[in-house]
Amino acid sequence: MVKVAASSLRKGSVVDIDGRLYVVLSMENIHPGKGTPVTQLDMRRIADGVKVSERYRTTEQVERAFVDEREFTFLYQDGEGFHFMNPETYDQVAVQPDMIGDGAAYLQDGMAVTLSLHNEIPIAIELPTRATLEIVDTEPVVKGQTASGSYKPATLANGVRTMVPPYLTAGTKVVVMTADGSYVERAKD
């Protein structure tokens with residue numbers, strides 16, 4: 001175990017609080033006009049999935065657990081969960097759907113992800129920041145509408161709805177952020 005400043009933690013970091021492991025879901029450094037800056041951590045207890053929120057002074061020390069981060073390849077999903085393979089050893093692991101959360105919609109066959117393992121048990125997953133998906137449904141192009149001002153709703157191949165520039169049509173591949181599904185750019189084929 002290593003002591004680190006609370007402000008240095010990031011999403012996916014694993015900390016040991018009172019002998020229990022927690023994975024950081026989100027973190028925010030808050031700097032009020034008066035008073036001490038604090039770090040707000042939203043975490044999930046690994047043992048039972050309970051979500052907790054904690055506030056620490058930014059200089060306060062927390063114990064970071066030793067976690068092995070390895071690249072895995074997504075294979076498939078079934079009743080047991082999501083299955084990933086280590087490309088070096090060909091070992092397979094199953095990850096529960098609640099660990100992946102909303103990111104499950106962005107998983108594609110053969111996608112490389114980073115799994116955090118503690119004692120060879122998966123405890124957190126990190127998806128690539130961007131995914132390329134095809135638009136399956138959107139409003140038709142309106143003549144004279146420019147790309148600068150407005151966006152229109154579109155449904156992607158994975159079922160996620162996002163806002164895209166008005167000139168894009170169904171069948172166009174776009175790059176979106178996996179964190180929130182927001183449009184980045186048109187895919188370069």
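Can you name the residue in the stretch 38-53 that is surrounded by fewer than 16 Cβ atoms within 10 Å (Cβ to Cβ) and touching a Leu at 6+ places or on another chain (Cβ under 8 Å) and is also nearest to Glu28 (Cα to Cα) among such residues? Talk me through it step by step, then tell me what you get.
Our first condition is that a residue be surrounded by fewer than 16 Cβ atoms within 10 Å (Cβ to Cβ); within the stretch 38-53, this holds for 40, 42, 45, 47-53.
So of that shortlist, the ones also touching a Leu at 6+ places or on another chain (Cβ under 8 Å) come out as 42, 45, 47, 51, 53.
On the way: Asp42: 9, Arg45: 18, Ala47: 24, Lys51: 16, Ser53: 11 Å.
Applying the filter and picking the extreme gives Asp42.
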Kindly indicate which of Asp180, Asp137 is of a type in the set (Asp, Glu) and under 20 Å from the mean Cα position of the chain (by Cα).
Asp180
Has the stretch 46-60 got any residue that is within 18 Å of the chain's Cα centre (by Cα) and more than 19 Å from Gly101 (Cα to Cα)?
no
Okay, strands (runs of 3 or more DSSP E) sitting entirely in the stretch 38-135 with 1 or more residues that are touching a residue at least 24 places away in the same chain (Cβ under 8 Å), farther than 25 Å from Ala157 by Cβ and polar (S, T, N, Q), I get 38-45, 61-64, 112-118
Out of Ile125, Ile121, I need the residue that is open to solvent by 90 Å² or more (accessible area, probe 1.4 Å) and either modelled with pLDDT under 90 or under 30 Å from Ser8 (Cα atoms) (or both). Which one?
Ile121
Looking at the stretch 129-138 only, could you name the residues that are surrounded by fewer than 16 Cβ atoms within 10 Å (Cβ to Cβ) and of a type outside the set (Ser, Thr, Tyr)?
Arg130, Glu134, Val136, Asp137
If you take the residues in the stretch 86-117 that are over 19 Å from the mean Cα position of the chain (by Cα) and of a type outside the set (Phe, Trp, Tyr), which one is most open to solvent (accessible area, probe 1.4 Å)?
Glu88
Residues of the stretch 50-76 satisfying the condition of being of a type outside the set (D, E, K, R), modelled with pLDDT under 90 and closer than 17 Å to Leu115 by Cα
Ala65, Phe66, Val67
Output the qualifying pairs, or none if there are none: Cβ atoms under 6 angstrom, residues six or more apart or on different chains, first residue in the stretch 1-19 and part of a helix (DSSP H, G or I) and open to solvent by 30 Å² or more (accessible area, probe 1.4 Å), second residue at pLDDT 85 or above and not aromatic (Phe, Trp, Tyr).
Ser7/Asn29; Ser7/Thr39
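The values are calculated or read from the model by the stated rules, or taken from the named source; none is laboratory data. Because the structure is predicted, anything quoted here is derived from the model rather than measured. Cβ coordinates were reconstructed from backbone atoms using ideal geometry, including for glycine residues, and neighbour counts include every protein chain displayed. Accessible surface is based on the protein model in full, side chains and every heavy atom, while ligands, DNA and RNA are left aside. Shrake-Rupley method; radii C 1.70, N 1.55, O 1.52, S 1.80 Å.
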